[in-house]
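As structure tokens, the structure follows; a few thoughts come after it.
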Amino acid sequence: LPWTYYYGWIKNCNIVLSLAGAEPDADHKAGAGIAYAMRAQFYMDLARMYAPETYAKNPEAETVPIVTETLTAADATTNPRDTNKAIFEFILSDLDKAESLLADYKRSDVYTPDLSVVYGLKARAYLTMEDWTNALSYAQKAMSGYEVMTAEEFLSQKDGFNKPNEA
């Protein structure tokens, strides 16, 4: 059942990306960057849910089909499942595009992806791939500008992880 929701969300990202075009103008850069980041997140979740083996254990294990904004309806009917290797290359490619497009973007709320979110997603992808050096590098970039929770905040049953930070 989860894949039906995820592919619906991916379709929405693909619509945004097709409207923005391959080289989005200034008015559409942030929207395209957000769509790339969200699509990468959705595919990462799907790959981890549906691959029978982890990336590190078997890069050639099948995950899910990749559906992009350029895939035609005819091609979609014969679109095979991709491997861990192929899908994580795709995820990192989307995150590279998001990183470029969101480089100067300042989000208006904590619910919209920005560069720190892209870095966090890259850290998660590299963790899944067991590429510890890149995972650490991107995790440090993602944390830049944020404060670590205090012990009191962490242990609070009321606020703990229920309130977003101020960054």
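The values are calculated or read from the model by the stated rules, or taken from the named source; none is laboratory data. Here the structure is a predicted model, which means the values were calculated and not measured. FYI the Cβ positions are ideal-geometry reconstructions off the backbone, even for glycines, and counts take in every protein chain you see. Surface areas here come from the heavy atoms of the whole protein model, side chains and all, with no ligands, DNA or RNA. Shrake-Rupley method; radii C 1.70, N 1.55, O 1.52, S 1.80 Å.
Data table
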| quantity | calculated |
| --- | --- |
| Euclidean distance between Cα centres, segment 32-79 to segment 108-165, Å | 23 Å |
| DSSP loop GluC sites (Glu not before Pro) with at most 10 other Cβ within 10 Å excluded, longest remaining stretch of the chain | 61-146 |
| Placed amide H near residue 63: partners under 5 Å, 5+ positions off or other chain | 82, 83, 84 |
| Under 23 Å, Cα to Cα: Lys pairs in segment 12-134, sequence gap 8 or more or different chains | 10 |
| Theoretical FRET efficiency, 1/(1+(r/R0)^6), r = Cβ-Cβ of residue 81 and residue 45, R0 22 Å, to 0.05 | 0.90 |
| Estimated dipole of segment 1-155 in Debye, rounded to 20 [Cβ of Lys and Arg +1, of Asp and Glu -1, Cα centre] | 180 debye |
| Extended-chain gain in nm, criterion 0.36 nm per residue less alpha-carbon gap, residue 110 and residue 56 | 16.2 nm |
| Segments 44-50, 31-37, 72-78 sorted - mean Cβ within 10 Å per residue, highest first | 31-37, 44-50, 72-78 |
| Which label in (1) 55, 42, 31; (2) 53, 37, 32; (3) 52, 46, 29 gives the computed Cα extents along the principal axes in Å | (1) |
| Mean accessible surface per residue for the chain, computed with a 1.4 Å probe while every protein chain stays in place, in Å² | 61 Å² |
| Between 0 and 90°, nearest 10: helix 132-143 axis offset from the chain longest Cα axis | 60 degrees |
| For segment 51-167: relative contact order, % (alpha-carbon pairs under 8 angstrom, 6 or more apart) | 19 percent |
| Residue with peak Gaussian network fluctuation, the chain [Cα springs, cutoff 10 Å], from 59, 24, 80 | 80 |
| Karplus-derived 3J(HN,Hα), 6.51/-1.76/1.60, for each residue of segment 36-52, Hz, glycine and proline x | 4, 5, 5, 4, 4, 4, 5, 5, 5, 4, 4, 4, 6, 6, 9, 6, x |
| Accessible surface of segment 40-167, 1.4 Å probe, proportion on carbon and sulfur as whole % | 53 percent |
| Between helix 2-20 and the chain: long-axis angle, C-alpha atoms, 0 to 90°, nearest 10 | 90 degrees |
| Efficiency of FRET between residue 148 and residue 72 - r from beta-carbon atoms, R0 41 angstrom, step 0.05 | 0.30 |
